[in-house]
């Protein structure tokens, strides 16, 4: 047993001591943390006769802040440096953490103190942010089953515990299933069509596994390289199948099949929602979001689908005709889509991801991203040395304001590697908060991507898609870092409704499509020249290339997610494959093969926070496109408009309703036109 006094997870340091954390530290640290928290809560409930912000809310903020600093790195390392030992310890502690949260949410004494505070005269003197913290707390108590009788509270606890374990297991199964499949290739001709950068990546993957030749894996850079460039159609079909059947009964290795977990998660979510007197889990999900009703969400998604489908059908017809006439593909299949699309884009627009890649060396992109951010928001970004990270590729940066005061910090982990979860994400490491002693804690965030790593001694270059992903995650980052809030629960991304949290991230993507932005982020690896006009014009046109097909793909995911949570019958649960097919028949233009099991690796909704909330991407995209249209009117890099965005949308955190913030910034309610225009879809 580790001595908790010297446990690095419990040490109060400015930044996490990643170099000191070991698996044996996890359980003692979490056990001690939760015991301390429980004692403080019990004392607060027993001893606070007249609750105020200072004597009641602030002590709770202190323990919540400590909780983030101890438990946060444990979950983070489970995602970026996963090992069986670490995941087992994390999972064991997850049970304790879930139990702690559930019992806190059902603590009648705590709830009563918040109620008393909300009804007090002092409450009327509080700031908007303070009032919002108390309102959110009362709402969360209701959503935690505070009003339930004792026996039903016990059922609620059991459901939360199972959901916590099963969603964690779902994510781990996806990671393990992704890693379980690989294909060694020794004959170079099998990889005809792949560019030099992709061949270097596959060779590097083979070397990491001590294999000769090249190795294809299901990590996204490898998968995408094959699907985009491999002339070998059989190879594309094989890799497509492996990717589309991950963590399912159709995978080569069925040991990580998520089928049963999906059904358990659906059933438990529905029971949890009905226990709290919602009709279904979708309604429960909307209790903390901007959207008000399930009909509103479904109407929004179907309206976008109706506007996009005619164009999507034309785009697919064009693609199929091209594939038949120019590529000799008669029986067009899903594993031909990305490959044929890249060829069509190259022929019609003289544009391809590989043609663009040399213009986006990582260091230039980062330098340009920072310049754009500094220009718009009046801050400085610089590398900060001497801070421990979890991997040698990870870098650490500091943001300072015009008075040279530290605004915040972020970790940047760019490249795909073994034992790292796929995808890209931002997460909070430390939240901005004013300590009861008066000191303001500066925020810290993790920015994680899975880009193609540098090959040999060559600098990594990004595709334009990867550049937009980086800008997207950075947008989440500045939302957390530029907050002016001093109350923990509404600071940064905390307390922001899930369907508004994508606004800053999708907003930042727009700079990757504008000449003013591209001048900063592009510089050819050999010539140093920025993106030439011919390629820029092609890129602008390319933004609308198959945009309706892409829109429909996202709407399909959003509708499947929402429908499977909104229309669940516990007596006769509809098969998820049938639900997915019904939605595809309605909105999709590309139909996957019968063996496809994409939902089995859909971690966003079965292991992340997007259950009955995947629609948030499109909902927020309406807001972000319309917000960016003000920059189109006043100047893409207009510092005044930038500061207005920073001081309204970003500064307020979760303290004010996002619709009010949007109207304060834009001067009116959001309109869908900008999204359709940016997407190249005729309204």
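Every read-out reported here was derived from the displayed coordinates using simple, explicitly stated rules and does not represent laboratory data. Quantities reported herein were computed from a predicted structural model and do not represent experimental measurements. We place every Cβ from the backbone using ideal geometry, glycine too, and count neighbours over all the protein chains shown.
What is the calculated FRET efficiency for residue 418 to residue 457, with r their C-beta to C-beta distance and R₀ = 22 Å, to the nearest 0.05?
0.60
When only C-alpha pairs under 8 Å and at least 6 residues apart count, what is the relative contact order of the range 419-485, in percent?
This gives 36 percent for the range 419-485.
In Å and whole numbers, how far do the C-alpha atoms of the range 181-256 stretch along each principal axis, longest first?
35, 27, 19
Step by step: find N for the chain, compute 2.2 N^0.38 Å, then divide the Cα radius of gyration by it. What's the final number?
Working it through for the chain, the quotient is 0.96.
For the range 543-643, just the Cα atoms, rotate onto the principal axes and tell me the three extents in Å, largest first.
57, 29, 21
Working from Cα positions, state the angle (0 to 90°, nearest 10) between the long axis of helix 362-377 and the longest principal axis of the chain.
That helix lies at roughly 50 degrees to the long axis.
If the label point is 7 Å along Cα→Cβ of residue 632, which residues in the range 642-675 have backbone nitrogen under 12 Å from it?
Residues 671-675 qualify, since their backbone N sits under 12 Å from the label point.
What translational D, rounded to a whole number of µm²/s, comes out for the range 441-577 from Stokes-Einstein when the hydrodynamic radius is the Kirkwood one over Cα pairs, at 4 °C and 1.567 mPa s?
Translational diffusion coefficient: 70 µm²/s.
Cα centroids of the range 210-245 and the range 535-592: how far apart, whole angstrom?
Taking the Cα centre of the range 535-592 as reference, the centre of the range 210-245 is 24 Å away.
Any chance you could run the full-extension gain for residue 581 through residue 484? It's 0.36 nm times the residue separation minus the Cα-Cα distance, nm to one decimal.
Length gained, residue 581 through residue 484: 30.3 nm.
How much length would be gained if the chain were fully extended between residue 440 and residue 19, taking 0.36 nm per residue of separation minus their Cα-Cα distance, in nm to one decimal?
149.0 nm
Once the Cα atoms of helix 233-244 and of the chain are each reduced to a long axis, what angle between those two axes, in degrees from 0 to 90 to the nearest 10, is obtained?
Here the helix axis deviates by roughly 10 degrees.
How high is the FRET efficiency between residue 292 and residue 108 when r is their beta carbon distance and R₀ equals 25 Å, given to the nearest 0.05?
0.25
How far apart, in nanometres, would the label points at residue 143 and residue 682 be if each is projected 7 angstrom from Cα along the Cα-to-Cβ direction?
Using points 7 Å along Cα→Cβ, the separation is 4.2 nm.
When the helices in the chain are scored as -39500 (n - 2.57) per DSSP H run of 4 or longer and the sum is shared across all residues, what 222 nm value do you end up with, to the nearest 500 deg cm²/dmol?
Helices in the chain give a 222 nm mean residue ellipticity of -18000 deg cm²/dmol.
How many angstrom separate the Cα center of the range 98-134 from the Cα center of the range 632-683?
32
May I ask for the angle, rounded to the nearest 10°, between helix 616-634 and the longest principal axis of the chain, with both axes built from Cα atoms and the value confined to 0 to 90°?
80
Multiply the residue gap between residue 569 and residue 526 by 0.36 nm, knock off their C-alpha separation, and tell me the result in nm, one decimal place.
Once the chain is fully extended between residue 569 and residue 526, it gains 9.5 nm.
Within the range 629-654, name every residue whose backbone N is under 18 Å away from a label modeled 7 Å from Cα of residue 127 along the Cβ vector.
From the range 629-654, the list is 646-654.
Over the range 366-493, with a single point scatterer placed on each C-alpha, what log10 of the ratio I(q)/I(0) does the Debye formula yield at q = 0.09, 0.19 1/Å?
-0.27, -1.14
Sort out for me the Cα centre separation of the range 377-430 from the range 294-352, rounded to whole Å.
Rounded to whole Å, the Cα centres lie 37 Å apart.
From the P(r) of the range 4-175, can you give the percent of Cα pairs sitting at distances over 19 Å?
Tail of P(r) above 19 Å: 62 percent of Cα pairs.
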